[in-house]
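The values are calculated or read from the model by the stated rules, or taken from the named source; none is laboratory data. On a predicted model such as this, the values are computed, not experimentally measured, just so you know. Here the Cβ is made from the backbone with ideal geometry for all residues, glycine too, and neighbour counts use every protein chain on show.
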Amino acid sequence: MAPFGSEIFANASGAHAGARAARRAVEESREVVASLLGARPSDIVFTSGGTEADHLAVLGTLAAAARHGGPIAAACSRVEHAAVLEPLRAAARGLAAVHGVGTLRVEEVAVSAEGVIDLDALGEALGEDTVLVSVMRANNEVGTLQPLDAVARVVRSRAPRAVLHTDAVQAAAYVDLATSTAGCDLVSISAHKLGGPKGAGALVVREPCRIAPVLHGGGQEHERRSGTHDVAGIVGLATALGAAAKTRDDECARVGALRDRLADTLLASVPDTAQSAPRDAVLPSHCHLRFSGVDQEELLVMLDRGGVYASAGSSCASGAIEPSHVLLAMGVDPREARSAVRFTLGHTTTVEEIDLAAGVVAEAVGGLRS
Amino acid sequence: MKVLVAMSGGVDSSVAAACLVAQGHEVLGATLKLWGGSSDSGCCSVGDVDDARRVAQQLGIAHYVFDMTEAFERSVVGPYVAAHAAAKTPNPCIECNRHIKFDRLLERSDRLGFDALATGHHARVLRGTGGRPHELRRGADPDKDQSYVLSMLGQHQLARVLLPIGGLTKAAVRARAAELGLRTAAKPDSQDVCFIRSDVGRASFLGERVELHRASVVDASGTEELGAVDALELVTVGQRRGFARAPDGRRRYVKSVDPVGRTVTVGTAEEVATLAVALDPGSITWTHLPLDDGAAVVAQLSAHGRPTAARLIGGADGPVLRFGAPVRPVAPGQTVALYDPADPDVVVGSGIAA
């Protein structure tokens, strides 16, 4: 990434040698990303990250569909990331009028206690007017994987017009997206979840799917996303995705074993502890536990002081922890949801760290309960 | 000591945190998210949280945001609205101090293993030693003294509370913040009620939450009807604005508001003045020990009111403050802070006007 902030500083859209060097890096990255995602290079639209990729998928699809006139509808699971839920809700409130989107009905589809989308409910939510369905590859909070092949079958049979989008931001490091998202028209990823830089992402727009641009301007990315290319970020995304693909099988086994060690230790040593979703249904990196009676805000402070960096749900703009919409959708009592903490493991996690963390967590929970 | 400092994003709590760091304490900053709706500093007061977080960065301390919106709604906003519906004038800052900062947050501070909770209030705590009680005293800056809004604290809380800037004037606080390069150094003091946006105002805020009732305005000297107000819930005892002068040109003030009879009684300063203020018996708090019946006190009837000598008399319906000379009427719901006549900087207790 480094040369693109110094020696190869040129704008990739320019018409000189420096620009060509930058553009070459962008296009090489595009090929890498496309091949790892099972797409064609022309299907890849580079964005500023997952949120922008999701916005482009949601608003770009709605705007393209709105051109044909008539009422339109969209559906998503209740556990989608806010980057999908909020643009859909905003569009339903009329805020996408600037993109030509008129009346829009949005169906938020129920999930099971494990966080898996209810396929019957999905089928009922879809119709002739459905133009977009968005179901994430894996949930960012609890890690639950969604049955995208089955989702695609329901969508194709019940909503022939619909574009199927999946937010694969959380899954990309541990799931082969080339095979598992082959039935999706749109796929969002973000470099930072792969160990790459923050602020770089991509949306796969699989032929023959068409989206309207959300950002207008210089017409980069085949008129789908204007804005000067973040060459360093794009190279970082491709490099991170490549590194993840190379080590994926080993890492899934290694990280999964560490996760099991952490979960097993805590479930055995800390009373009244529950895991939010069964381990065979979630990403190997996710350990999502609830410690009954403990306030997650207090537990996070204790863990931070003990050197354990964990998280709880998602944060609002102020930084306060909000009650997890994911747990609430899974039927968890709001009070109980306040006792949840998410431990996310990664490629740098070691067994020593797991054992240290388990000790710190057990002690912190014990201290807060006494 | 391990100290949790409540950082609102204002200059006072910024400097309170800085003082604690300079004193060598192990300090952690926390900003409370109290209101989920819009406020003058953005949704959930995001601007204030950003300021607090930045100050914590500059001081090299960890900073957290604690979500206490549910408790705030239950213990502060709900009762604030209900009190107005009952034609009372509550003080939400005091209720926030009573139920949130010096109760829930203090409990949290204990659970997290802190030795003390600090805030940026302009008041002083004198830690009692050798069995002597802890004292709550007025702040060093007479114009900014906030002992009134802390007057409901008892020994249980004072034992664990630090008020690091109580010995500084506001000017000194701002100078210290500027010296440290804190972005809050020149930030204006907060005004009014934090959960009501200034461009919305109290009337609209309450109008969306309670039914407002028209009331007739009558003269205190007789039953002469002088007109009407649109919302008795927005009228405060002692209020002058919005009422016509007496025929002789003297100003008229609100003497009482009757929500049942839907009547607002007004009169001249002499007519509305009172020699006694009844206190809600359930609202009385003592900083240390209860005062004897008939004890002399110095009463402060509003946040920046003039301290006035009084006696606290036990009555059949609850305690009554009796004054030697007439005082302006106190709106029901307002807190009265009580000070020690022998040392009028020392808080002895508080009560809420009935």
Does the stretch B:237-260 contain at least one residue that is exposed (fewer than 14 other Cβ atoms within 10 Å of the Cβ), under 30 Å from B:ALA123 (Cα atoms) and at pLDDT 95 or above? no
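Results for (1) surrounded by fewer than 16 Cβ atoms within 10 Å (Cβ to Cβ); (2) in the same structural domain as B:VAL266 (by TED's automatic domain parsing), shown as yes or no for each residue.
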{"residue": "B:ALA185", "(1), (2)": "no, no"}
{"residue": "B:PRO188", "(1), (2)": "yes, no"}
{"residue": "B:GLN191", "(1), (2)": "yes, no"}
{"residue": "B:PHE195", "(1), (2)": "no, no"}
{"residue": "B:SER198", "(1), (2)": "yes, no"}
{"residue": "B:ALA203", "(1), (2)": "yes, no"}
{"residue": "B:GLU208", "(1), (2)": "yes, no"}
{"residue": "B:ASP219", "(1), (2)": "no, yes"}
{"residue": "B:GLY222", "(1), (2)": "yes, yes"}
Which condition number does A:LEU368 fail, the rest of (1) away from chain B (no Cβ under 12 Å); (2) crowded, with 18+ Cβ neighbours inside 10 Å; (3) farther than 27 Å from A:GLY196 by Cβ being met? (1)
State whether one or more residues within the stretch A:336-346 are basic (Lys, Arg), surrounded by fewer than 19 Cβ atoms within 10 Å (Cβ to Cβ), within 25 Å of B:ALA62 (Cα to Cα) and within 14 Å of chain B (Cβ to nearest Cβ). no
May I ask you to list the residues in the stretch B:302-329 that are in contact with a Gly (Cβ under 7 Å, 6 or more places away or on another chain) and among the β-branched types (Val, Ile, Thr)? B:ILE313
Residues B:ASP50, B:ASP40: which one is farther than 28 Å from B:ARG124 by Cβ, modelled with pLDDT under 95 and either aromatic (Phe, Trp, Tyr) or under 21 Å from the mean Cα position of the chain (by Cα) (or both)? B:ASP40
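Each row is one residue, and each column tells you yes or no for (1) in the same structural domain as A:ILE189 (by TED's automatic domain parsing); (2) in contact with a Gly (Cβ under 7 Å, 6 or more places away or on another chain); (3) in a helix (DSSP H, G or I); (4) within 30 Å of A:ALA113 (Cα to Cα).
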residue	(1), (2), (3), (4)
A:LEU62	yes, no, yes, no
A:VAL79	yes, yes, no, yes
A:LEU85	yes, no, yes, yes
A:ARG89	yes, no, yes, yes
A:VAL98	yes, no, yes, no
Looking at the stretch A:60-106, which of its residues are surrounded by 15 or more Cβ atoms within 10 Å (Cβ to Cβ), among the charged types (D, E, K, R) and out of contact with any strand residue (DSSP E or B) (no Cβ under 8 Å at 6 or more places or on another chain)? A:GLU86
Restrict the check to the stretch B:308-322 and report whether at least one residue is surrounded by fewer than 18 Cβ atoms within 10 Å (Cβ to Cβ), touching a Ser or Thr at 6+ places or on another chain (Cβ under 7 Å) and free of Cβ contacts under 8 Å to residues at least 60 places away in the same chain. no
So B:VAL200 clears everything in (1) aliphatic (A, V, I, L, M); (2) at pLDDT below 95; (3) within 21 Å of B:VAL348 (Cα to Cα) except one condition, right? Which one? (3)
Please find, within the stretch A:236-263, the residue that is nearest to the chain's Cα centre (by Cα) out of those that are more than 23 Å from A:VAL116 (Cα to Cα) and among the charged types (D, E, K, R). A:ARG248
Taking into account only those residues within the stretch A:223-271 that are small (Gly, Ala, Ser), without any contact (Cβ under 8 Å) to a residue 40 or more places away in the chain and not assigned by TED's automatic domain parsing to the domain that holds A:HIS55, which is farthest from A:HIS55 (Cα to Cα)? A:ALA268
Could you check the stretch B:23-104 for helices (runs of 4 or more DSSP H) lying wholly inside it with 1 or more residues that are away from every other protein chain (no Cβ under 14 Å) and over 17 Å from B:SER13 (Cβ atoms)? B:78-85, B:92-96
